[in-house]
Amino acid sequence: MPDASPDTGKTLLKNGFIADGTGNPGFAGSLIIGNGRIESVIKGIWEESEEPFQSVTDCAGLVIAPGFIDMHSHMDWYLASDKDSRYKTPFIKQGITTMVAGNCGYSAAGLLKGSPHMGLLENNLFKSGFDNIHWNSLEEYYRVVGETGLNYNLVMLAGHGTARTSVCGYSPVPSAGESALIRSLLDGSMQQGAAGVSFGLQYEPGQYCTKEEIAQTARLVKDRNKLLTAHARAYSNISGDYPLIPFGRAHNLKAIDELLQAARETGVKLQISHLIFVGNATHRTCDAALKLIDKAIGEGLDVSFDTYGHHCGVSLINVFLPPWVKSKGAGVFSDKKEIAKIKLLMGVLFKLLGFDYSNIQVLDTRAEAVQQFNGMFLTEIAQKRGMTNFDNYIDLVMKTNSGAVVLMHNYTSGENLNALIRHKASMFMTDSWMEPGEWQNPGVFGSLPRILQRIREKKLLSMEEAVYKLSYACAKKIGLKGRGALLPGNAADIAVLDWDNVRFDIAGACKDGEPSGIKHVFVNGNHMVDDGQISERKKAGSVLRIS
């Protein structure tokens with residue numbers, strides 16, 4: 001699909017402070033856009049000229065920066081729909097001009113034609129049954145989103161979970177033939193422009209991946225010189241995905257060990273998705289986790305991670321149930337002995353984690369019978385229903401067929417978040433999508449402005465370093481050329497910021513939100529946000545294939 005048609009005339013961004021995305025010190029200057037690209041960057045005060053401009057934007061007191069790259073998005077599931085623009089527009093107001101989607105093992109394309117498992121694919125966490133899938137390959141998906149129109153640029157990853165589910169559903173052990181077919185689908189997506197492959201090792205079917213399956217996929221990605229991203233098997237010091245060994249190694253550190261070992265064995269470029277530390281007891285493992293990453297980088301491995309600005313994130317209500325429970329299906333909940341085992345496991349798990357039902361907020365039950373509980377914490381719901389916390393939890397899992405979407409809080413501490421933001425290997429992202437219902441993850445509206453606000457208020461990084469992490473660092477990691485830096489000839493993806501006033505104050509689930517300080521956004525030279533107001537008339541984005 002060719003790049004979207006830019007405005008035909010030239011645009012002048014006048015007398016701002018240029019942070020070009022490279023991390024180098026900024027400077028006072030102006031920038032000229034022509035034919036959708038950066039034509040020139042001029043240092044110093046703008047000297048008035050007779051050259052005609054289609055538009056002039058006065059940037060006095062503002063920072064002119066590259067448009068932000070959202071390193072971890074799930075919006076690919078919604079971009080193919082033309083039902084409602086509200087699902088797409090909040091992100092560009094954050095300054096985002098490019099999204100890297102298809103994360104956590106579930107991409108919207110790259111599936112087996114004629115798959116008998118479409119029900120699983122069409123009702124996963126990230127899609128929520130929003131339209132039917134009427135494409136298979138990544139190339140077919142590109143055509144669909146091209147017809148629908150993009151507000152911003154899109155880079156895709158090939159989801160291992162999508163390919164695997166389309167071939168053999170949630171089968172724990174694919175046959176040799178099925179495994180070969182899964183790898184063929186992933187390789188086909190990479191040949192069609194995917195930036196790499198994503199794993200979701202805490203979700204079905206990624207939970208069932210062996211070390212050999214991970215290594216085989218990593219070698220495939222390495223052969224294509226692309227990126228492997230991974231939602232790790234655990235993000236808490238105790239997890240149902242590992243045996244509980246008293247005084248043993250923290251499970252989240254084991255999960256990082258697993259990913260780093262795959263990188264060591266294959267040399268693949270690795271991005272650890274949303275590095276978090278769930279529960280009070282897990283908070284103290286942050287330093288150890290970062291030391292593991294530092295050690296790997298010191299060995300010459302290309303390892304990085306992404307983080308967001310909030311202490312909460314979206315998952316499914318059954319995320320705390322171990323694989324053996326999920327693999328047995330709904331019948332497990334009618335077995336009293338099994339229920340007793342689950343109750344004991346969750347009780348021990350929560351106590352050791354420093355995490356409990358009061359940290360879990362329902363965004364959308366996706367079930368009419370219990371819709372009235374949307375927006376409430378599990379403890380509130382249990383009290384309202386006159387049930388114990390555990391019985392309420394199991395009942396909601398059953399009534400929603402494990403499909404209720406929850407916002408989990410206590411994902412890390414403020415001190416840890418500061419360390420993650422400062423770390424040389426960190427990049428920033430939203431990890432968000434807009435739910436069809438009312439209640440939303442606050443990251444939909446303000447994850448990146450909230451990070452920038454924190455950086456400024458706590459003096460974690462220089463403004464230029466923050467911009468680098470949001471732009472050129474991401475472009476280099478995913479192999480995206482011609483974007484991410486304000487250089488002549490690069491695509492004119494630009495965010496103009498009121499640096500001293502960039503902020504987003506909402507910390508939990510919300511129905512709406514509006515960041516401040518993002519004044520102007522240009523996508524491929526098109527003025528998409530003008531003084532904070534979005535233009536929905538233009539579909540200026542492009543599909544960006546990574547060769």
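Side notes on the structure shown:
- Residue list for segment 153-175, restricted to those being among the hydrophobic types (A, V, I, L, M, F, W, C) and within 16 Å of L112 (Cβ to Cβ): A158, A163, V167, C168
- Scanning segment 519-547 for residues that are among the aliphatic types (A, V, I, L, M) and more than 24 Å from G9 (Cα to Cα) returns a single hit, I546.
- Qualifying residue in segment 326-344 (condition: more than 19 Å from K254 (Cβ to Cβ), charged (D, E, K, R) and outside any helix (DSSP H, G or I)): yes
- Output for segment 94-128, where each listed residue is crowded, with 24+ Cβ neighbours inside 10 Å and either more than 21 Å from A194 (Cβ to Cβ) or among the basic types (K, R) (or both): Q94, G95
- Single match in K539, K519 (criterion: part of a strand (DSSP E or B) and of a type in the set (D, E, K, R)): K519
- Test set (1) closer than 22 Å to L228 by Cβ; (2) in contact with a strand residue (DSSP E or B) (Cβ under 7 Å, 6 or more places away or on another chain); (3) modelled with pLDDT of 90 or more; (4) of a type outside the set (A, V, I, L, M) - C312 fails condition number: (1)
- Test: L497 is surrounded by fewer than 18 Cβ atoms within 10 Å (Cβ to Cβ), over 21 Å from S73 (Cα atoms) and either touching a His at 6+ places or on another chain (Cβ under 7 Å) or among the aliphatic types (A, V, I, L, M) (or both): no
- Qualifying residue in segment 453-471 (condition: basic (K, R), crowded, with 24+ Cβ neighbours inside 10 Å and not in a helix (DSSP H, G or I)): no
- Contacts under 7 angstrom Cβ, first residue in segment 321-340 being farther than 10 Å from M398 by Cα, partner not in a helix (DSSP H, G or I), 6 or more apart: L321/G240; P322/G240; P322/D241; P323/D241; K326/E204; K326/N318; S327/P172
- Where a residue in segment 405-425 is over 30 Å from Q371 (Cα atoms) and its partner, wherever it lies, is small (G, A, S) and not in a helix (DSSP H, G or I), with Cβ under 6 Å and at least six apart: L420/S426; A425/S304
- Scanning segment 1-13 for residues that are buried (at least 20 other Cβ atoms within 10 Å of the Cβ), out of contact with any Leu (no Cβ under 7 Å at 6 or more places or on another chain) and at pLDDT 50 or above returns T11, L12.
- Whichever residue in segment 389-434 is among the aromatic types (F, W, Y) and assigned to a loop (DSSP other than H, G, I, E, B) and, among such residues, is modelled with the highest pLDDT: Y411
- Index of the failed condition, D131 passing every other in (1) more than 19 Å from L480 (Cβ to Cβ); (2) surrounded by 22 or more Cβ atoms within 10 Å (Cβ to Cβ): (2)
- For segment 128-170, filtering for residues that are within 30 Å of V325 (Cα to Cα) and modelled with pLDDT of 95 or more leaves 13.
- Qualifying residue in segment 164-184 (condition: within 23 Å of M71 (Cβ to Cβ), hydrophobic (A, V, I, L, M, F, W, C) and touching a residue at least 40 places away in the same chain (Cβ under 8 Å)): no
- Applying the criterion of being closer than 14 Å to Q271 by Cβ, among the hydrophobic types (A, V, I, L, M, F, W, C) and out of contact with any Phe, Trp or Tyr (no Cβ under 6 Å at 6 or more places or on another chain) to the residues of segment 196-232, the residue that is surrounded by the most Cβ atoms within 10 Å (Cβ to Cβ) is V197.
- Checked against the criterion of being at negative phi and out of contact with any strand residue (DSSP E or B) (no Cβ under 7 Å at 6 or more places or on another chain), segment 70-77 contains one or more residues that satisfy it.
- Just so you know, in segment 35-79 the residues that are free of Cβ contacts under 8 Å to residues at least 60 places away in the same chain and not in a loop (DSSP other than H, G, I, E, B) include one that is surrounded by the fewest Cβ atoms within 10 Å (Cβ to Cβ), and it is K43.
- Residue match in segment 374-381 (condition: loosely packed, with under 15 Cβ neighbours inside 10 Å, more than 26 Å from the chain's Cα centre (by Cα) and assigned to a helix (DSSP H, G or I)): no
- Single residue of segment 39-97 satisfying the filter (hydrophobic (A, V, I, L, M, F, W, C) and touching a Cys at 6+ places or on another chain (Cβ under 8 Å)) that is nearest to V529 (Cα to Cα): I69
- Some residue of segment 187-199 being closer than 21 Å to E299 by Cα, in contact (Cβ under 8 Å) with a residue 12 or more places away in the chain, outside any loop (DSSP other than H, G, I, E, B) and β-branched (V, I, T): no
The values are calculated or read from the model by the stated rules, or taken from the named source; none is laboratory data. Not measured: the values here are computed from a predicted model. As a convention, Cβ positions derive from the backbone with ideal geometry for all residues, glycine included, and neighbour counts pool all protein chains shown.
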